[in-house]
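Each value in this text was obtained by applying a stated rule to the coordinates, not by laboratory testing. Note that the coordinates shown come from a computational prediction; the quantities given were computed from them, not determined experimentally. Neighbour counts are summed over all protein chains in view; Cβ atoms, including those assigned to glycine, are modelled from backbone coordinates with ideal geometry.
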Amino acid sequence: MSEITQLVIALVLYFLLDRFLKPYLLRKWLGVLLVAGGAVGCVAASQIHLLGVDLGLMSIFAVALGVGLFLKRRRFEPID
């Protein structure tokens, strides 16, 4: 699979999770897990390809997605 295709898939996944994942706790803990898992994946799986997918590249996007979810975790909370 080409890197461009992988980038498009990662961006679509980011958009879908960012828009439709609403519960505060789920956004918070999924963000933390994605940052931790992505950081480990950047070191451990940096040169590994699985079924044509570059796991190092996906690890970088997991970190970015996790940070985005964690920083905007209160996005859907009501303002009092």
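Okay, here's what the table says:
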read-out: Helix 55-71 axis, angle to the chain major axis (alpha carbon atoms, nearest 10°); value: 10
read-out: Within the chain, trypsin sites (Lys or Arg not before Pro) in DSSP loop having at most 11 other beta-carbon neighbours inside 10 Å; value: Arg74
read-out: For the chain, calculated [θ]222 nm from helices alone, where every DSSP H run of n ≥ 4 adds -39500 (n - 2.57); value: -24000 deg cm²/dmol
read-out: Spherically averaged projected area in nm², based on the convex hull that wraps the Cα atoms of the chain; value: 5.2
read-out: Relative contact order, percent, the chain [alpha-carbon distance under 8 Å, six or more residues apart]; value: 38
read-out: Value of D in µm² per second that Stokes-Einstein yields for the range 1-48, Kirkwood Rh from Cα pairs, at 37 °C (0.692 mPa s); value: 267
